[in-house]
4 protein chains.
Amino acid sequence: MSVQLAHNSYGKSAIRLFKVTRQGEQHEIRDLTVDVTLEGDFDRAHAAGDNSAVLPTDTMRNSVYALAARDTLGCPEEFAGRLGAHFLGAAASAARVTVRIAEHRWHRIVSGDASHGHAFEHGSTEARTTRVMTARDEAVDVESGLEDLVLLKSGHSGFAGYPRDRYTTLPETDDRILATSLSARWGCEDFASDHDAVFANVRRTMLETFAGHDSKSVQHTLYAMGEAVLQRCREVHDIALSMPNRHHLPFDVSRLGEFHANEIFVPTPEPYGLIEATLRRSARDR
Amino acid sequence: MSVQLAHNSYGKSAIRLFKVTRQGEQHEIRDLTVDVTLEGDFDRAHAAGDNSAVLPTDTMRNSVYALAARDTLGCPEEFAGRLGAHFLGAAASAARVTVRIAEHRWHRIVSGDASHGHAFEHGSTEARTTRVMTARDEAVDVESGLEDLVLLKSGHSGFAGYPRDRYTTLPETDDRILATSLSARWGCEDFASDHDAVFANVRRTMLETFAGHDSKSVQHTLYAMGEAVLQRCREVHDIALSMPNRHHLPFDVSRLGEFHANEIFVPTPEPYGLIEATLRRSARDR
Amino acid sequence: MSVQLAHNSYGKSAIRLFKVTRQGEQHEIRDLTVDVTLEGDFDRAHAAGDNSAVLPTDTMRNSVYALAARDTLGCPEEFAGRLGAHFLGAAASAARVTVRIAEHRWHRIVSGDASHGHAFEHGSTEARTTRVMTARDEAVDVESGLEDLVLLKSGHSGFAGYPRDRYTTLPETDDRILATSLSARWGCEDFASDHDAVFANVRRTMLETFAGHDSKSVQHTLYAMGEAVLQRCREVHDIALSMPNRHHLPFDVSRLGEFHANEIFVPTPEPYGLIEATLRRSARDR
Amino acid sequence: MSVQLAHNSYGKSAIRLFKVTRQGEQHEIRDLTVDVTLEGDFDRAHAAGDNSAVLPTDTMRNSVYALAARDTLGCPEEFAGRLGAHFLGAAASAARVTVRIAEHRWHRIVSGDASHGHAFEHGSTEARTTRVMTARDEAVDVESGLEDLVLLKSGHSGFAGYPRDRYTTLPETDDRILATSLSARWGCEDFASDHDAVFANVRRTMLETFAGHDSKSVQHTLYAMGEAVLQRCREVHDIALSMPNRHHLPFDVSRLGEFHANEIFVPTPEPYGLIEATLRRSARDR
């Protein structure tokens, strides 16, 4: 029998990087988690234990810190792009390098009317993300995104008109809680876009649409959010949204003798709905 | 041989409660996690399997929802107090009821100049907490607090002048990152305090002191924060602070041939320092 | 501008199912986590808020429990297959149903020479997994696997002979700790395989190979494990292995004046190496 | 106003230690998490930023590795005792040192009839624990224990006969699932006990009692377990047990038209019951 190595990849994940840039008392901080993945011809490492082509993942980690020290980081997409180009040079057997970055949010502490230049409070779990793929013979592929932005609507959300079978017990409702932990990933027409500006625009558009939508279902709101992004952010070519439905179950207090005003809900971690879709600008429209 | 039941307690933990109060399109939301614990004479349940005195923890859960539905919640301390009184009445064998509440933070989504009355974005991991103990023959004991407020100083923080032994390798520094996940708990002289106002005052005082302090150590900053609270918040009688030291290790890029500007750090989850202290207004001062 | 729904899916995740089957005092227990995903023509739900084709995810959950009650579960692959067929029937607009199952491990408590028929101790984090895709016009696609099987070798493991650049500081070693949390997924030639027997054979083969291998790298051991599976388990057509490298860093006690015997290591959660590959029986070999 | 430092402690937590001891091809491995806490007169560090008495927590970490390298570890209680004595010597201002250790479980990989001397599979989440307090003027205080031992009974478990009020909806049952994640801590009469033997005896006794008990409630089974330990393990003076009730809710499939055999349950992570008690040998009995 002979065996074929159909696919292989390796790299370093969860490289934590914190960079401080000081302008006197005013500090800028950046807090990133970086993953590096190489794909290519590493057959002899697998089949023969020959490591002569295997750039150590420890070297990958060092390289991330060295490149972070050398230059201004720039936006996540830029830093990921520099890392991708570096690793393609450093690992001769690599055909493709994928760099993923999640940037964590911090806010400067503001107290009274004084802002403290070097003191920060951590933000929510939301992260700004990017995934940049760099290959020897292809254009760089850049995806931008965000993950774990936790949102909730306590009005203008219902779910009704669905098919029923013998296993259906869910009551229809025109007034439910809709809560989700939004992740989104989008690609731009032009790789040299101003990623910071696009990010701000896409994020604002998704939030505004979520807040203002008359939701008939998670699918309905997800689609409206994606559609609004494609309409308002002309640079964005496609967008994938993932919206787990974090159920907040109404608790029927009437059976306990209390007046039931549809005010009491039980947030439940599991099970959860999982709604995902990718929207794309139509061909004739590009 | 005979066996003595030296201590016992039971209750329901992690009761998740979400309450929506609607004023037309303007909604108020509250998101709480409630723990209820009873102590008392439950010996026959333990030794004989006699449940006649054991208020089921499922009933505790229902009761939390019923009482949440019946009235305005009020601040966490108030709701915990109402629950405590209820359970002392409901469980004749309970000598003491302890109710713990953690309130989770949500912010109204603000977009453009419009604020959306029923759409919310989740805040950070920080929770406002309380622990209220209600006993048959004692005054109600109220403790207020917060937990998991993640803070970081990138300047005005050092650690030097410490003793060295054969196992000491840490270099002294006058410029390190100080990061922590602050938890604090405090008690007030008067149980009828305006807990919302005290909370806001204590939190602001801790943040301002953390931001403005010239830190010689975590202990030094923790003490300054506690001292400032006791000075500025006259209602507060004592305060316990817990400040894990979330190490951000400097990464020496000079050995990689890069210029070393003390800008690159590696956040590490473990091990972590753990610094805790309780400060109290001196007796002569009360 | 017009927008195209390029892809969409929805379903229920993290459905927790525990089933007890009693033969007098001898109980069998099964502990599963089930995810259901539908893909198909749900365009009107997205674009128009029309739910007439949207089988509720709550109905999916109920259906899992109903089908679990009706029949003997069988192996995870069988139960996932029954669920797939059911949902294809229940959701007319679904073109494809994907069911994922993770089965959690429990061991009967054995004490003295008595085995207790209805008392169990939870096993490790390892789960047996499957993913079954059922489509209207395609053969059922069955993948079997396991995840989070945590393994460690304290001997016969090295890493040397790798390329060095200016960012390389890792010392070569012929004696390191190799630790991983193994995940593997495999497909069989014949969908009607005895999945329990194949699972046992694949798992045993991976463990024996891991234990007995002279490891030059994670890649080297991963490949040996996959190759052994393809050699010894004739039903298996291909296998994908994922082996994060959970670094155990040697701690140099010689700088603390202690004798350094390469015995003391620091397990670190991050960063971690991530090594993945898919091996396939060569075409001429099938 | 003057402020009093009512209590303070500091130390290093989550020190991860992995030790390999080799006898040719036969390796012994130990996997520990160590926490060190000092209490004492550190007032000047807090109030004045004077670190001259503050043994760095980084030195604590180094010391744990150095002492682990120097000698055979021995059982957790012994290693914790050596660490306590060391830190009392190293930190002149410390009045008391508390060392906590959790030991994680690994099993040698056994395949066919060959046992692999240096290959291991991780066990369950259960950890063996100890907490040793060493003070200048007191006897060493040793507590032994275990945590996160996940157990389940699918028979001989009920809950009935409890009081009902207007908020009670729970049906009585004589056939429910009882599942818990057991933690236990015990102290011995004689600090020089054979801790390994006591641990094995206590653990076996708790498992056997859990498995064989006719449970009227969690309290009832918890008490029986503690009582059996005090009866069978003469060295044990007192034992504290914590048994969260991990509810497995019966799912009523009859409303879905299926036959209801009390076989289908939904494991739920929250809320959970929390049952705790401490049992002690009666005074006249010692």
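The values are calculated or read from the model by the stated rules, or taken from the named source; none is laboratory data. As the structure is a prediction and not an experimental result, all values here were calculated from the model. Note that each Cβ is placed from the backbone with ideal geometry, even for glycine, and that neighbours are counted across all protein chains shown. Protein only, heavy atoms only, side chains kept; ligands, DNA and RNA dropped before computing areas. Shrake-Rupley method; radii C 1.70, N 1.55, O 1.52, S 1.80 Å.
Here's the yes/no breakdown for (1) within 14 Å of chain D (Cβ to nearest Cβ); (2) modelled with pLDDT of 95 or more:
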site	(1), (2)
B:172	yes, yes
B:179	no, yes
B:188	no, no
B:196	no, yes
B:205	yes, yes
B:216	yes, yes
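Can you pull out the residues in region B:34-47 that are without any contact (Cβ under 8 Å) to a residue 24 or more places away in the chain and more than 8 Å from chain D (Cβ to nearest Cβ)? Matches in region B:34-47: B:44 only. Considering D:128, D:100, D:105, the condition of being at pLDDT 95 or above, under 25 Å from residue D:42 (Cα atoms) and among the charged types (D, E, K, R) is satisfied by D:100 alone. Tell me, which residue of region D:277-286 that is open to solvent by 10 Å² or more (accessible area, probe 1.4 Å) and in contact (Cβ under 8 Å) with a residue 40 or more places away in the chain is nearest to residue C:20 (Cα to Cα)? Result: D:278. In the set (1) touching a strand residue (DSSP E or B) at 6+ places or on another chain (Cβ under 6 Å); (2) open to solvent by less than 40 Å² (accessible area, probe 1.4 Å), the condition left unmet by residue B:189 is number (2). Return yes when residue D:130 is of a type outside the set (Asp, Glu), closer than 22 Å to residue D:14 by Cα and more than 8 Å from chain C (Cβ to nearest Cβ) and no when it is not. Yes: the conditions hold for residue D:130.
Would you be able to tell me the number of residues in region D:47-70 that are open to solvent by less than 10 Å² (accessible area, probe 1.4 Å) and part of a helix (DSSP H, G or I)?
Here the count works out to 8.
When you look at residue D:12, is it touching a helix residue (DSSP H, G or I) at 6+ places or on another chain (Cβ under 7 Å) and either under 23 Å from residue B:279 (Cα atoms) or in a helix (DSSP H, G or I) (or both), yes or no?
yes
Residues in region A:19-46 that are open to solvent by less than 10 Å² (accessible area, probe 1.4 Å) and part of a loop (DSSP other than H, G, I, E, B): A:42 alone. Residues that are aliphatic (A, V, I, L, M), open to solvent by 20 Å² or more (accessible area, probe 1.4 Å) and more than 9 Å from chain A (Cβ to nearest Cβ) within region B:238-265 comprise just one, B:249. When you scan region B:100-121, do you find a residue that is touching a Leu at 6+ places or on another chain (Cβ under 9 Å) and more than 30 Å from residue A:105 (Cβ to Cβ), even just one? No, region B:100-121 contains no residue that is touching a Leu at 6+ places or on another chain (Cβ under 9 Å) and more than 30 Å from residue A:105 (Cβ to Cβ).
Can you find a residue that is in contact with a strand residue (DSSP E or B) (Cβ under 6 Å, 6 or more places away or on another chain), more than 8 Å from chain C (Cβ to nearest Cβ) and at pLDDT 95 or above anywhere in region A:272-284? Looking through region A:272-284, none of the residues is in contact with a strand residue (DSSP E or B) (Cβ under 6 Å, 6 or more places away or on another chain), more than 8 Å from chain C (Cβ to nearest Cβ) and at pLDDT 95 or above. Among the residues of region C:221-237, not a single one is open to solvent by less than 30 Å² (accessible area, probe 1.4 Å) and at pLDDT below 95. Could you list, ordered by first residue, the pairs with Cβ atoms under 7 Å in which the first is in region C:194-221 and in a helix (DSSP H, G or I) and the second is among the acidic types (Asp, Glu), at least 6 apart or interchain? Partner pairs satisfying both residue conditions: C:195/C:77; C:198/C:235. For beta carbons closer than 6 Å, sequence separation of 6+ or different chains, a first residue in region B:49-66 that is at the interface with another protein chain (Cβ under 7 Å from one of its Cβ atoms) and a second that is of a type in the set (Lys, Arg) and assigned to a loop (DSSP other than H, G, I, E, B), the qualifying pairs are B:49/D:216.
Among what's in region B:247-261 and is modelled with pLDDT of 95 or more, assigned to a loop (DSSP other than H, G, I, E, B) and within 22 Å of residue B:156 (Cα to Cα), pick the residue that is farthest from the chain's Cα centre (by Cα). Once the filter is applied, the top-ranked residue is B:252. If the condition is being within 21 Å of residue C:210 (Cβ to Cβ), polar (S, T, N, Q) and in contact with a Phe, Trp or Tyr (Cβ under 9 Å, 6 or more places away or on another chain), then region C:154-180 contributes C:154, C:173, C:180.
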